[in-house]
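A quick write-up on the structure given underneath.
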Amino acid sequence: MKIKTMWKVYIYKFLISLTFIDGVIIPFFTIWGGLIFTQIMILQSWFMLCIFLLEIPSGAIADYLGRKNTLFIATIIGIMAIIIYSSIANFFIFMLGELFWAFSAALISGALEAFIYDKLKENGLSRFSRKFFSRSEIFMLLGFSVSAPLGSLIAYFIGLRYTMLFISIPYIIAAIITLMFKEPQIETTISRKSYFKILKNGVNTFFREKNLLIIAINYIIIYVIGYLMIWLYQPMLNQVGISIIYYGLISTASTGFQIFMMNSYHKLEGIFKSRKYVLLFTALITVIMYIVGGLTLYIPLVIISIVLIKGIGLSRTPIFIDYMNKYIPSSERSTTLSTINMFQKLIIMIVNPIIGWSVAYWSLNYTLIIIGVVSLVFIFIFRIKERQLLIYDKED
């Protein structure tokens with residue numbers, strides 16, 4: 001494959017990751033939008049539900065319209081979501097915006113992965129797919145890292161509404177770039193099963209492989225609390241009096257630490273001489289930092305807890321997928337991983353409003369402590385043993 005073809009894909013991924021709003025998302029909702037934290041978290045559950053319901057239909061659309069056309073349409077839908085969100089500060093308008101965001105995200109997720117894989121297959125390079133997908137993820141994280149501090153500056157000097165509205169600029173450029181894509185001549189049509197069939201097949205695999213179930217639960221617990229910190233860190237910073245101009249820098253520090261951790265797990269295995277202790281150590285650091293974050297108002301400790309929770313909690317996906325794949329026969333791999341992803345979304349949908357209510361009507365600090373303590377209990381109940389990580393890949 002010509003390198004310039006992939007560079008267009010990477011630039012596209014970078015551009016759609018320039019979400020300036022991320023660094024000031026809570027002030028956007030509370031100050032400009034007039035929402036309370038409970039409503040914010042209900043919106044995120046609504047977004048997850050929309051993604052959940054649109055994931056399979058969006059894949060069928062990508063197969064029918066082609067990857068290039070789907071990516072163009074998805075990007076235009078994303079621009080519509082931005083315009084809706086920036087139009088009127090109203091909870092139900094935001095719900096409509098989240099629906100458009102979810103549809104755009106679901107279309108992009110399936111179509112972009114298929115586009116990359118089909119292009120690699122067309123050029124006889126499908127064996128290098130992991131390398132290209134990893135590079136694509138790096139460009140996404142770079143986009144987040146650049147846009148968060150820029151968003152804080154936009155909010156501080158121009159206004160919160162414009163942090164959302166200005167996302168349309170990179171999205172418009174991204175839409176133009178999709179028109180430069182060349183549709184792959186080889187297209188892999190993915191067999192798309194119903195939600196219930198995916199869940200049934202995945203659950204059967206878990207009942208057959210109890211070790212896989214324990215590994216999956218351990219992964220989901222830490223991922224979910226890492227995800228929750230995306231929404232909790234800005235109230236934490238506001239509580240200790242940090243200006244919104246610095247929110248983006250702290251978000252970028254978290255993303256930078258996430259990238260560092262994603263590239264450090266194999267080194268940590270060498271240091272600890274044990275996979276089990278690496279997973280236990282990273283899980284403990286994440287949950288303990290929740291407790292620390294809830295107990296202190298000392299600014300350096302608050303920032304450290306945020307960076308560690310987000311950086312570690314959201315960085316363990318690649319290594320856990322590697323461990324879980326060893327228990328899953330290749331013919332069941334896609335279905336089982338989809339099941340884990342679906343359960344992850346369902347848990348987030350349920351937990352979001354509970355956390356939102358707790359922060360809005362009870363206490364941010366007590367909420368952080370309880371998340372840490374409850375997660376700590378679950379981590380020890382579903383702790384991973386070394387023998388569960390020592391298994392050869394299951395292939396047909």
Looking only at residues in the range 1-28 that are free of Cβ contacts under 8 Å to residues at least 12 places away in the same chain and over 15 Å from residue 142 (Cβ atoms), which one is surrounded by the most Cβ atoms within 10 Å (Cβ to Cβ)?
2
Considering (1) closer than 30 Å to residue 243 by Cα; (2) surrounded by fewer than 20 Cβ atoms within 10 Å (Cβ to Cβ), say which one residue 65 fails and leave the rest.
(1)
Expected output for the range 77-92 (first residue touching a residue at least 40 places away in the same chain (Cβ under 8 Å), partner surrounded by 15 or more Cβ atoms within 10 Å (Cβ to Cβ) and small (Gly, Ala, Ser), Cβ below 6 Å, 6+ apart or cross-chain) is 78/104; 79/168; 82/168; 85/97; 89/33
Enumerate the helices (runs of 4 or more DSSP H) found wholly within the range 293-385, keeping only those where 1 or more residues are farther than 17 Å from residue 232 by Cβ and of a type in the set (A, V, I, L, M, F, W, C).
317-325, 333-361, 364-381
Kindly provide the set of residues from the range 46-55 that are of a type outside the set (Phe, Trp, Tyr) and under 13 Å from residue 103 (Cβ atoms), ordered by number.
49, 50, 51, 53, 54, 55
From 276, 267, residue being free of Cβ contacts under 8 Å to residues at least 24 places away in the same chain and either part of a helix (DSSP H, G or I) or touching a strand residue (DSSP E or B) at 6+ places or on another chain (Cβ under 9 Å) (or both)
267
Hey, does the range 174-186 have a residue that's under 26 Å from residue 15 (Cα atoms), at pLDDT below 80, outside the structural domain of residue 375 (by TED's automatic domain parsing) and within 19 Å of the chain's Cα centre (by Cα)?
no
Could you pull out the residue among 305, 338 that is of a type in the set (Gly, Ala, Ser) and over 14 Å from residue 229 (Cα atoms)?
338
Filter the range 145-165 for residues that are hydrophobic (A, V, I, L, M, F, W, C) and buried (at least 20 other Cβ atoms within 10 Å of the Cβ) and give the result.
148, 154, 155, 160, 164
Within the range 253-280, count every residue that is β-branched (Val, Ile, Thr) and within 22 Å of residue 368 (Cβ to Cβ).
1
Of 109, 134, the only residue that is at pLDDT below 75, within 20 Å of the chain's Cα centre (by Cα) and of a type in the set (S, T, N, Q) is 134
Filter the range 81-94 for residues that are surrounded by fewer than 17 Cβ atoms within 10 Å (Cβ to Cβ) and assigned to a helix (DSSP H, G or I) and give the result.
83, 87, 91, 92, 93
Do we find that residue 129 is of a type in the set (Ser, Thr, Tyr), surrounded by fewer than 20 Cβ atoms within 10 Å (Cβ to Cβ), at pLDDT below 70 and in a helix (DSSP H, G or I) in this structure?
yes
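The values are calculated or read from the model by the stated rules, or taken from the named source; none is laboratory data. Just so you know, these numbers come straight off a predicted model, no measurement behind them. FYI the Cβ positions are ideal-geometry reconstructions off the backbone, even for glycines, and counts take in every protein chain you see.
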